[in-house]
């Protein structure tokens, strides 16, 4: 069933006002009276709703649905600005894989230079992709996108995390395989976990030192070299496997 | 360091004859005498080699390198023919994530219909993508691509596997999370593991029955709905996490 995110609090009768949502509901899906959809308000609870007036874009809430597909921990993916449309790829695939937040920052070895105007435009595009992917993959939350213009602003945010993992190619080459598995076996529900990835050229030694000063742990993600946009998918899948599949065994 | 796959057995002195490889070595990378590369012959061992004659495309082997990045089990990804260029995406990303073979077959609910001629062309393209990705991610093996024109031919190949997993969306919806983790904790090095994925529309009940008759186990891959091309990446990452990271803990 089609799912839509709706800003605001749930009420018994809801009128949809967001233009893009209205367009998709009544022009693309051509919803008519009594047809049902799932609506997700700011409380992240899914509710079954049916159209009571298609001209007025008006729905009646039928019931709450017992469906929570969010990860037990809040995973933020932070990437050094990568080339091309890799962040767009990450916004889509990371959302399918359970990411809570997508962050990006200007890394020492980022080739692209994006100014404030470009970043605002890109953040807007990424937010739209994350919204669409969140609806498709039936998420309860829309991943939030933050693009930092200055690395200092990104570093200032690291304090809030319970675990910080630095995906470090050299760790992988040295055969480091134990840290991520050990740490994931210890995380508790509700904790905030950050994975930091470099751009194509990797993370500079100064950045490694800065992240480690904030409590970051270098991790290897298996022995193979992955592209900048592939490693975050491995990390998200691993968190899901460790906390959603393995813990249920 | 640049890596190349070379067909045949290793010898002390090797002349490269494959046109694409020669072109990349001497036109793109502009290798000259004494420059070094990594060559991987049919025995899947990496060897350091240096150019001894760039006009004749001739290398001398210096030494074997102790680098094996292959998964401890041989993982085959089989996908019902998906729309568009999703197999191309899988050939690249699956190779980075350690896939041994990429198979595809005409599933009941595949929308695309590909004839033998189209399949031969597509297989050729996919093999090239897998080769390039295998060189980039420093694999010891090039994933082999097989596109089955008839589903019966695909089914006939299932006997060879030690484990067959059927990625089944309904299992995910029902909250099935235990089977994959349980089975991965029991696989032994060298075993052959197959993951079967449906096309966009999913796997038909008749197909599920046919796969189960061959020993296939339905598995859930976490609670979120993933696109057809994303689920295989989750599966490959999980195998790596379970067998390469967790077992080393």
*Find the chain A residue whose Cβ sits closest to the rotation axis that carries A onto B, and give that distance in whole Å.*
A:237, 2
*Calculate the length of the line joining the C-alpha centroid of the stretch B:218-245 to that of the stretch B:101-165, in whole Å.*
18
*Quick one: among A:41, A:154, A:26, which has the greatest mean-square fluctuation in a GNM of chain A with alpha-carbon springs under 10 angstrom?*
A:26
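So, R0 is 45 Å and r is the distance between the beta-carbons of residue B:108 and residue A:26; what FRET efficiency does that work out to, to 0.05?
The computed FRET efficiency comes out at 0.85.
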*For an R0 of 41 angstrom, estimate the FRET efficiency from the Cβ-Cβ distance between residue B:17 and residue A:178 and round to the nearest 0.05.*
0.40
*Pull out the extension gain between residue A:169 and residue A:68, defined as 0.36 nm times the separation in residues minus the alpha carbon to alpha carbon distance; nm, one decimal.*
32.9 nm
_So the label point sits 7 Å from Cα along the Cα-to-Cβ vector; using that for residue B:157, what distances do you get to the other copies, in nanometres, sorted shortest first?_
4.4
_Among A:126, A:31, A:97: highest mean-square fluctuation, GNM of chain A, C-alpha pairs under 10 Å_ = A:31
*Considering only the label points, 7 Å along Cα→Cβ from Cα, what distances in nm to one decimal separate residue A:120 from the same position in each other copy, shortest first?*
5.7
*Mean ellipticity per residue at 222 nm, deg cm²/dmol - from DSSP H runs of n ≥ 4 across chain B, formula -39500 (n - 2.57)*: -8500 deg cm²/dmol
*Specify whether the C-alpha gyration tensor of the stretch B:55-193 places it in the rounded, prolate or oblate class, a ≥ b ≥ c being the square roots of the eigenvalues: rounded for a/c under 1.5, otherwise prolate if a/b is larger than b/c and oblate if not.*
oblate
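When Cβ neighbours within 10 Å are restricted to other protein chains, what is their mean count per residue of peptide B:70-76?
Per residue, the number of nearby Cβ atoms from other chains is 1 on average.
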*Per 10 Å bin, what is the whole-percent P(r) computed from every C-alpha pair distance within chain A?*
7, 29, 31, 20, 11, 3, 0
*Determine the shielding of peptide A:217-224 by partner chains: average, over its residues, the number of Cβ atoms on other chains within 10 angstrom of each Cβ.*
6
*asked:* Below 8 Å, C-alpha to C-alpha, sequence gap of six or more: please give me the relative contact order for the stretch A:1-141 in percent.
replied: 23
_Label point 7 Å beyond Cα of residue B:125 along Cβ direction - residues of the stretch B:194-238 with amide nitrogen under 13 Å_ = none
*Over the stretch A:106-249, what is the relative contact order in whole percent, taking alpha-carbon pairs under 8 Å and six or more residues apart?*
30
*Rough spin-label spacing in nm, given labels placed 7 Å along Cα→Cβ, for residue B:115 and residue A:9*: 6.4
*Kindly put B:75, B:51, A:28, A:111 in sequence by how many other C-beta atoms sit within 10 Å of each C-beta, fewest to most.*
A:28, A:111, B:51, B:75
*Distances from residue A:43 to the same residue in each other copy, label points 7 Å out along Cα→Cβ, in nm, shortest first?*
6.8
*Cα axis of helix A:86-96 to longest principal axis of chain A: angle in degrees, 0 to 90, nearest 10?*
60
*asked:* If you take each beta carbon of peptide B:174-184 and count the beta carbons of other chains within 10 angstrom, what is the mean?
replied: 4
*For the stretch A:3-64, what value does the Rg/Rh ratio take when both radii are computed over Cα atoms and Rh is the Kirkwood radius, given to two decimals?*
0.91
_Rel. contact order, % - alpha carbon contacts under 8 angstrom, at least six apart, the stretch A:3-64_ = 38
*With a Förster radius of 60 Å, plug the Cβ-Cβ distance of residue B:60 and residue A:52 into 1/(1 + (r/R0)^6) and report the FRET value to the nearest 0.05.*
0.15
*Considering only DSSP beta bridges whose two residues both sit in the protein assembly as shown, what percent are antiparallel, to the nearest 5?*
35
*Once the convex hull of the C-alpha atoms of the protein assembly as shown is built, how many Å³ does it hold per residue, rounded to a whole number?*
165
*Mind telling me which of B:179, B:38, B:73 comes out most flexible in a GNM of chain B, alpha-carbon contacts under 10 Å?*
B:179
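Values in this text are rule-based calculations from the coordinates and carry no lab data. Model, not experiment: these values are computed from the prediction. Glycine also receives a Cβ, built like all others from the backbone with ideal geometry; neighbour counts cover every protein chain displayed.
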